């Protein structure tokens, strides 16, 4: 093995292990020694992107492309950098360049889909979103059945298996489409993660909910959940946005009513951290939230059910150790006057329940929250608070504090 091959392998191993600083040091030395090797500049860009050094990552990808214009992965990664920097239109241009010469490039289609959806072009975006199954390392496996996948057309009187994919938040957001199938005369089997089963049973008649791994009854067609918007022709204007479309099971409500202390003033739930992958912006460091503790007549309730390694920003009432599944979480949310949360499953659940919710968004938000607007087309009761500068939550928290103070004064 030559020295260059050893460096490439070692850099890739360090990157995969999450040792990004070590990988960057290795690549910085290597590009000094082999400055005309495009792959080194590309890999260096990947590591810089993981570290959040977007300007440097963009320059590294641009150097790779100057040396090797057909290095399509570099151009797709450059588009990711541009999107994270707020340059959405230029990011679309870069993806389009790849697709023009490599129309089967799944990663370019995936990024193109997310950018179109971010802009609110749902008709084209959901069509492109079907490429997700060909993307490398997609988060959900492609399911195979002897029955055919539904590709549209009348299936009234038939049974379709719809199965959840990706994260809990995706399931909470897109399960709203299942009753539309029932309205077409279709019997629906819905397969999802066990912690969601009890809650999903509130979707209504005609929908049988099963946990993953449970024996499947007979069915005629199948479809992954997030393909429903495309198959049903959803646009920004035709999203089924009526809420609530989920409800906490009646049998768990008395328990949560009994454990919630009688409080004066407003009971406000707070969730400040979600999973760092794939979006490290889904967490607000506790120090930024400290000013909220100064507001009078507020009982703060922790909704930090996952990612508990993030310390509390200030003392909160914490009942999360009693939560067993999403039915419990829904019942806990029903005890609150307001939910304030980062972009997590809690936001989707609160929106699906029709709870008044304030959502704190990073500078480069996930596609479903769109650009600039403060309302949410998916959830009428969610208000969006957006970072104006990447990594700076102080302005967001100041807006939340001001809004909450006005809410308190009105009551």
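The values are calculated or read from the model by the stated rules, or taken from the named source; none is laboratory data. In this text, all values refer to a predicted model and were calculated from it rather than measured experimentally. Heads up, the Cβs are rebuilt from the backbone with ideal geometry, glycines too, and the neighbour counts pull from every protein chain shown.
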Could you tell me which of the residues 369, 358 is over 15 Å from the mean Cα position of the chain (by Cα), closer than 27 Å to residue 312 by Cα and at pLDDT 95 or above? 358
For residue 328, work out the one condition from (1) touching a strand residue (DSSP E or B) at 6+ places or on another chain (Cβ under 9 Å); (2) under 25 Å from residue 170 (Cβ atoms); (3) part of a helix (DSSP H, G or I) it doesn't fulfil. (1)
Does residue 336 meet the test of being in a strand (DSSP E or B), at pLDDT 95 or above and surrounded by 21 or more Cβ atoms within 10 Å (Cβ to Cβ)? no
Out of all the residues in the range 198-215, which are over 20 Å from the mean Cα position of the chain (by Cα) and either crowded, with 19+ Cβ neighbours inside 10 Å or in a loop (DSSP other than H, G, I, E, B) (or both)? 198, 202, 203, 204, 205, 206, 207, 209, 212, 213, 214, 215
Can you pull out the residues in the range 233-278 that are crowded, with 18+ Cβ neighbours inside 10 Å and more than 29 Å from the chain's Cα centre (by Cα)? 260
Please go through the range 176-194 and pick out each residue that is more than 17 Å from residue 140 (Cα to Cα) and part of a helix (DSSP H, G or I). 176, 177, 178, 179, 180, 181, 182, 183
Hey, residue 304 part of a loop (DSSP other than H, G, I, E, B), buried (at least 23 other Cβ atoms within 10 Å of the Cβ) and assigned by TED's automatic domain parsing to the domain that holds residue 402 or not: yes
Determine whether residue 349 is free of Cβ contacts under 8 Å to residues at least 40 places away in the same chain, under 20 Å from the mean Cα position of the chain (by Cα) and not in a loop (DSSP other than H, G, I, E, B). no
Which condition breaks for residue 285 when tested against (1) surrounded by 15 or more Cβ atoms within 10 Å (Cβ to Cβ); (2) more than 24 Å from residue 381 (Cα to Cα)? (1)
